[in-house]
Amino acid sequence: MVDQPGDGEYPEHWEADVVLRDGGTAHLRPIHPSDADAVQAFHTGQSQNSIYMRFFAFKARLSSKELKRFTEVDYKDRVALVITFGGEILGIGRYDRLDDPLEAEVAFNIADAHQGRGIGSILLEHLAAAAHENGIRRFSAEVLPENRKMLMVFADAGYDVKRHFDDGVVSLEFNIDPTEKSRAVMEAREHRAEARSVRDLLAPTSIAVIGASRKWGTVGYQLLEHIIEGGFSGQVYAINPEALELAGMLSFGRISEIPEPVGLAVIAVPYEEVDTVVDQCAAAGVKGLVIASAGFADDGERGLTRQRNLVRKARANGMRVIGPASLGIVNTHPDVKLNASMAPSLPRRGGLGLFSQSAAIGVSLYAASHRRRLGLSTFLSAGNRADVSGNDMMQFWEDDADTAAVGLYLESIGNPRKFSRIARRLARTKPVVVAKSETMGLRLPPGHAVRTTQAPAGALDAMMRQAGVIRVETIEQLMDVTQIVSGQPLPAGPGLAIFSNSLALGKVVADSAEAHGLTVDNIITDVDLDAGMSLALPALRQSLQDTLASDAVNAVVAALLPVRGLTVDHIAEVLAECSAAAGKPVVAAFAGILDPSIYVEGMVGGDGRTVPCFSNAGAAVAALAAVVRYAEWAARDPGHFVRPDGCDPEGARILLDQLLHDVHGEQLKTLEPASAAELLAHYGIAVLPSAGFDSEDEAVAAAGRLGWPVALKTTDPALRHRIDLGGVRLDIEDPESLRRNIVQMRRSLAPYGSRALEVQSMAPVGQACTFRAIEDPLLGPVVSFGLAGDAVNLLDDWAHRVPPLSAADVKDFIRGPRAARKLFGYQGLPAVDIDALEEVAGRLAWMKDNHPEIALVEFNPVLCGTQGVSILAADIRIGNAAQRTDSARRAMLG
């Protein structure tokens, strides 16, 4: 049995805020001896039937000995977790290690009043994660046959549960390693719960504005006015202890005075009053908070501490938090009509969902969408993003029938692995457009408490691309793309036709389109738009219909100069009509219009028929090209996530535990070649054998064991691949030649200092490549691939991906570097064995995804020939793993 972590100290890292099935929140934590009274209160509050189901007998109270045993655990062999709400225990889950150190017995007890909220499933996930950390691999349980709810918890968890009936009890046993099915079950439950929690925020039954004011221009005044003027369908309450009447309605001094439960509290009070108000909301049973007040994490470390305490308090009392420093939320659904924001009016209704973080970006994003006449379904400004995040909004948008496309401006990202997982799923049905700061992940915006990244430049963008995200640079580019995808059909390919009343303009647009990877099928300039409205519009309609009917045309760009007698709106209506009839996107670019009163940037048209329009043809083409790339991604079969055959993750895990027994804190340990080879062998990866030596005789003996011919190399990381600097000598065929080369190499390397040497079996010739994998504080596992030498050393020509990888991801990964064309036959050389390279990539990504303890892996060089690959050197460093941001247990990050 390997050494196990855990010394009886309270494992604070097991604590987590969780979202329950009904969208409410609660706090999960390890049990503590101080919980004895709460556990007794929990027990005595249970029905006789629930007590019988748990203990197989009825006991009115727990004895002092039982309380001691239940609450005093060692957090290793005996573990208990509780889920609490406002200090009250809602459920308890525990395990006790059995005689077999790899197995533990589990038991659960859920409060009668809270059964059906998914508490048992959450406790099982977190118990499994804790047990896995302590070296336990299997759970067993004994359940009475009539306890159908608990049997369903086990049956629905996604594990391969073995059961048998004996002596009136159902005995269950299952392996707790996360499986594809168990992860899918967890993600589905997480999705439903988080979507429900956001839906409750965006469609509350009632709203209280705390800090409402009669003073014009204040935040409290505007929020109350905008909610009322927007026509909110629910009840609105104004809270101000110094006013009897506000906005024509009776004002309340405290939220506790309101005669019914409040769904959403909008808080606009001074910074120092927010904590008190949140306490009052918790006591009143409020479900959600929008905090417009600033001065928390944007006020340095002191403010950040207050913000964390505020969020912890809110979640522990079942409340989600939007903000602090939030611009507000909007929901245009006719049954809701919610404008709890600083926007002066409810926006027009449409299919675009928008998310921003800081209020300043939120204002810009909202203004840009308003200026472009884009209809919104929902809008949320997260402010400091202390709780509700873009991940939560994507969970909601996935099920929201009113949302056709989504746009997010991200200044920070707290859980990239979860973002990637949710975005990949959402993007299969709805376009996801993301604008992000160029420094996102490298440094934090004010008020955002998340990890920073140490991953290579481009890794975060690569993660978004593999998730199907349409990545843009600016708010304007985000609007360019969203105005196409929020109301237009997706193109089925890159084929493009160009309409123009100027041949020169049409050719310029065609050049731009081809530079963006589009295929120009036709440039049409023969429609006489100067013939007057009665002739020009029918001619345009007919020509456009005929063009869109071609299978080679997947989209149309109409790039037009001003036409006397034809308005922009009339032309746009024809374009929109033809687009809708053909089911293909049409975008317009109206160039050369000087009159500022003529609207040419955004959704243009009339009678319910609009088309996305641009004042710049280049912007129209760039946005359309981005949509084409997304449509190609969405139409492609992603394949299954790669799980290579012949891998032994459990064996690798045991070996890593043994290798890490003397590693402390943040220390890294570089593996010796033998240990590295043993670890890699668990994933079917082999390194070409080599042997170090001190004397020439040792070198000759080693070469004899390896087999002639051999290569002679320095072990110096900077020189071991450099033939030009004398670090490598190849095809040494006999002992005499080897002795001579050793002397010569030591002489040539003398200027670089004394370096150890090694001999290695000769590999078949091939293209030199390199793989690298790291564990990043923000992104988790990151794998990189490039062609060894100047491509990566000087030009930084890497491809990056974030595991897990699908089969399609692996193919894109190997083809990602700009120099990858050399792999497919270059200057008369044959193509290399791409399948073998993809095999190495898949195995490396799978290994790195399974083991955060592996801090760095580098294969350099990897020689890829026409048949097979040879890994010539492997550098592996391991360390104590930090908790990844997306593990096999549901938890809210704060």
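The values are calculated or read from the model by the stated rules, or taken from the named source; none is laboratory data. Computed from a predicted model, the values in this text were never measured in an experiment. FYI the Cβ positions are ideal-geometry reconstructions off the backbone, even for glycines, and counts take in every protein chain you see.
For this structure, a couple of remarks:
- Long-range neighbours under 7 Å by Cβ, at least six apart or interchain, first residue part of a helix (DSSP H, G or I) within region 622-645, second exposed (fewer than 15 other Cβ atoms within 10 Å of the Cβ) and not aliphatic (A, V, I, L, M): A625/G517; A634/R428
- Test: residue in region 716-729 that is of a type in the set (V, I, T), under 28 Å from M847 (Cβ atoms) and at pLDDT 95 or above: no
- Scanning region 295-336 for residues that are assigned to a strand (DSSP E or B) and not polar (S, T, N, Q) returns R320, V321, I322, G328, I329, V330.
- Looking across G353, G383, G362, G407, one residue alone is at positive phi and crowded, with 22+ Cβ neighbours inside 10 Å. It is G383.
- In the set P689, P673, only one residue is touching a helix residue (DSSP H, G or I) at 6+ places or on another chain (Cβ under 7 Å) and either farther than 20 Å from A845 by Cα or basic (K, R) (or both); that residue is P689.
- When each of A340, A386 is tested for being under 22 Å from A325 (Cα atoms), touching a Leu at 6+ places or on another chain (Cβ under 7 Å) and either without any contact (Cβ under 8 Å) to a residue 24 or more places away in the chain or among the hydrophobic types (A, V, I, L, M, F, W, C) (or both), the lone residue that passes is A340.
- Residue ranges of helices (runs of 4 or more DSSP H) in region 470-583 with at least 1 members acidic (D, E) and touching a residue at least 12 places away in the same chain (Cβ under 8 Å): 475-485, 568-582
- In region 608-618, the count of residues that are aliphatic (A, V, I, L, M), surrounded by 15 or more Cβ atoms within 10 Å (Cβ to Cβ) and not in a loop (DSSP other than H, G, I, E, B) is one or more.
- Complete set of residues in region 175-199 that are in contact with a strand residue (DSSP E or B) (Cβ under 6 Å, 6 or more places away or on another chain) and either closer than 16 Å to L20 by Cβ or outside any loop (DSSP other than H, G, I, E, B) (or both): N175, A193, E194, S197
- Residue in region 779-793 that is modelled with pLDDT of 90 or more and of a type in the set (S, T, Y) present: yes
- Residues of region 452-463 satisfying the condition of being within 14 Å of the chain's Cα centre (by Cα) and surrounded by 23 or more Cβ atoms within 10 Å (Cβ to Cβ): A459, L460, A462, M463
- Residue check, R138 more than 23 Å from the chain's Cα centre (by Cα), over 25 Å from V19 (Cα atoms) and free of Cβ contacts under 8 Å to residues at least 12 places away in the same chain: no
- Flag: L529 matches the condition of being more than 17 Å from G487 (Cβ to Cβ), over 41 Å from the mean Cα position of the chain (by Cα) and surrounded by 21 or more Cβ atoms within 10 Å (Cβ to Cβ).
- Being buried (at least 16 other Cβ atoms within 10 Å of the Cβ), within 16 Å of V586 (Cα to Cα) and polar (S, T, N, Q) is a condition met by at least one residue of region 504-523.
- Candidates L123, L62, filtered to the one that is within 30 Å of R312 (Cβ to Cβ) and either in a helix (DSSP H, G or I) or in contact with a Cys (Cβ under 7 Å, 6 or more places away or on another chain) (or both): L123
- 3 or more residues touching a residue at least 24 places away in the same chain (Cβ under 8 Å) and over 25 Å from R183 (Cα atoms): qualifying strands (runs of 3 or more DSSP E) within region 782-894: 854-864, 869-871, 874-879
- Filtering region 315-337 for residues that are of a type in the set (K, R), surrounded by fewer than 24 Cβ atoms within 10 Å (Cβ to Cβ) and closer than 30 Å to M603 by Cβ leaves a non-empty set.
- Check on A401, more than 24 Å from A268 (Cβ to Cβ), out of contact with any Gly (no Cβ under 9 Å at 6 or more places or on another chain) and surrounded by fewer than 24 Cβ atoms within 10 Å (Cβ to Cβ): yes
- Only residues that are of a type in the set (D, E, K, R) and touching a residue at least 12 places away in the same chain (Cβ under 8 Å) were counted in region 146-178, giving 7.
- For region 304-330, taking the residues that are touching a residue at least 60 places away in the same chain (Cβ under 8 Å) and small (G, A, S), the one that is farthest from A212 (Cα to Cα) is identified as A316.
- Among the residues of this structure, L264 does not count as one that is over 23 Å from F85 (Cα atoms) and touching a Lys or Arg at 6+ places or on another chain (Cβ under 8 Å).
- Set L757, L738, L712: member being in contact with a strand residue (DSSP E or B) (Cβ under 8 Å, 6 or more places away or on another chain), farther than 15 Å from A873 by Cα and of a type outside the set (F, W, Y): L738
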